[in-house]
Amino acid sequence: MTHLTLLMLALTVCGADEKPKVELLWPKGAPGAIGTEERDKPTLTIYLPPADKANGTAIVVCPGGGYGGLAVGHEGKDPADWLNRQGIAAFVLRYRLGPRYHHPAPLQDAQRALRLVRSRAKEWGLDPKRIGIWGFSAGGHLASTVATHFEDGRPDADDPIERTSCRPDFAILCYPVITLRPPWTHGGSRRNLLGDKADEALVASLCNDEQVTENTPPTFLFHTNEDTVVPPENSILFYQALRKKKVPAELHIYEKGRHGVGLGVGGGALAAWPEQLAGWLKTHGLLTPSKR
């Protein structure tokens with residue numbers, strides 16, 4: 001075995017042992033935190049692609065779990081690894097959950113994640129105009145909330161991160177909860193997010209198909225016809241709202257497949273859906289190396 005082969009083997013082993021860095025969204029404590037336990041401290045787990053593949057695009061990933069848990073494996077790490085293979089930096093969000101936390105805590109966490117990534121774009125080799133969000137199930141509701149509830153940043157804020165825009169440049173929604181109204185909502189997600197007796201005006205403000213505007217970012221949607229947990233009508237409602245406002249959008253509904261399929265690995269025809277996503281990203285120039 002040559003010296004070069006040994007060196008390459010050593011580098012491979014070291015790389016396999018490396019763990020992604022985890023950062024607190026608010027090192028001094030999240031707004032409205034009711035304790036100091038791990039569940040009170042939202043974080044980002046950072047997955048950066050190899051330097052020779054990086055294209056400057058970044059995505060904040062929001063795992064699902066009904067706003068009461070987080071599927072950080074098949075809806076967190078797996079998507080992050082897939083994004084890295086496309087040359088995209090991934091930031092997996094651990095947001096605050098019910099019943100301990102209700103709205104607006106998860107939204108504050110997701111908005112902060114967008115601001116943090118964009119504010120440190122230079123450090124991570126990112127294009128601040130190519131920062132997107134990807135959500136699954138209840139994480140899809142959170143991602144669609146971020147895509148319809150955003151601001152440019154507060155120039156007078158003491159925290160420089162808060163001066164940065166929290167608008168995603170694009171959104172990816174996988175079997176997302178979109179509406180919080182019967183008959184299409186997911187009752188557990190609504191209950192964990194809003195409690196048992198939510199004000200109707202608040203419910204309406206978080207039915208995100210009703211919040212789409214011309215400024216909502218381009219969106220890719222994926223769902224399955226067999227999903228009985230979060231019916232595909234959720235994605236259809238959002239797609240129709242995007243169409244009405246002339247926002248670029250793409251919707252894929254596969255006939256077969258249960259809820260929570262993640263990347264569809266081992267799912268027959270369903271396993272092809274990430275290829276559709278890669279094509280959409282390419283169409284929007286998000287896989288081409290940034291000139292910044």
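Of the residues making up region 84-101, those that are within 19 Å of Trp273 (Cβ to Cβ) and either modelled with pLDDT under 95 or buried (at least 24 other Cβ atoms within 10 Å of the Cβ) (or both) number 2. Looking across Phe222, Phe238, one residue alone is outside any loop (DSSP other than H, G, I, E, B), in contact (Cβ under 8 Å) with a residue 12 or more places away in the chain, buried (at least 21 other Cβ atoms within 10 Å of the Cβ) and touching a Cys at 6+ places or on another chain (Cβ under 6 Å). It is Phe222.
Number of residues in region 117-164 that are touching an Asp or Glu at 6+ places or on another chain (Cβ under 8 Å) and surrounded by 19 or more Cβ atoms within 10 Å (Cβ to Cβ) equals 7. Scanning region 23-72 for residues that are of a type in the set (D, E, K, R) and assigned to a loop (DSSP other than H, G, I, E, B) gives Lys28, Glu37, Lys41, Asp52, Lys53.
Note on region 248-292: among residues that are of a type outside the set (S, T, N, Q), in contact with an Asp or Glu (Cβ under 7 Å, 6 or more places away or on another chain) and not in a helix (DSSP H, G or I), the one that is farthest from Val72 (Cα to Cα) is Arg292. Under 6 Å between Cβ atoms, which residue pairs at least 6 apart in sequence (or on different chains) link something in region 245-259 that is closer than 9 Å to Asn225 by Cα and of a type in the set (A, V, I, L, M) with a partner that is assigned to a strand (DSSP E or B) and at pLDDT 95 or above? Close Cβ pairs (under 6 Å, with a partner that is assigned to a strand (DSSP E or B) and at pLDDT 95 or above) amount to Ile253/His223.
The C-beta contact set for region 23-47 (first residue over 30 Å from Gly87 (Cα atoms), second residue acidic (Asp, Glu) and not in a loop (DSSP other than H, G, I, E, B), distance under 9 angstrom, 6+ apart or interchain) comprises Gly29/Asp40; Ala30/Asp40; Ala30/Asp109; Ala33/Asp40; Ile34/Asp40. Flag set for Gly64, criterion: touching a residue at least 24 places away in the same chain (Cβ under 8 Å), closer than 26 Å to Val229 by Cα and of a type outside the set (Lys, Arg). Of all the listed residues (Ala157, Ala204), the sole one being at pLDDT below 95 and more than 20 Å from the chain's Cα centre (by Cα) is Ala157.
The values are calculated or read from the model by the stated rules, or taken from the named source; none is laboratory data. Values in this document were obtained by computation on a predicted structure and should not be read as measured data. Positions of Cβ are generated from backbone atoms using ideal geometry, with glycine treated the same way; all protein chains shown enter the neighbour counts.
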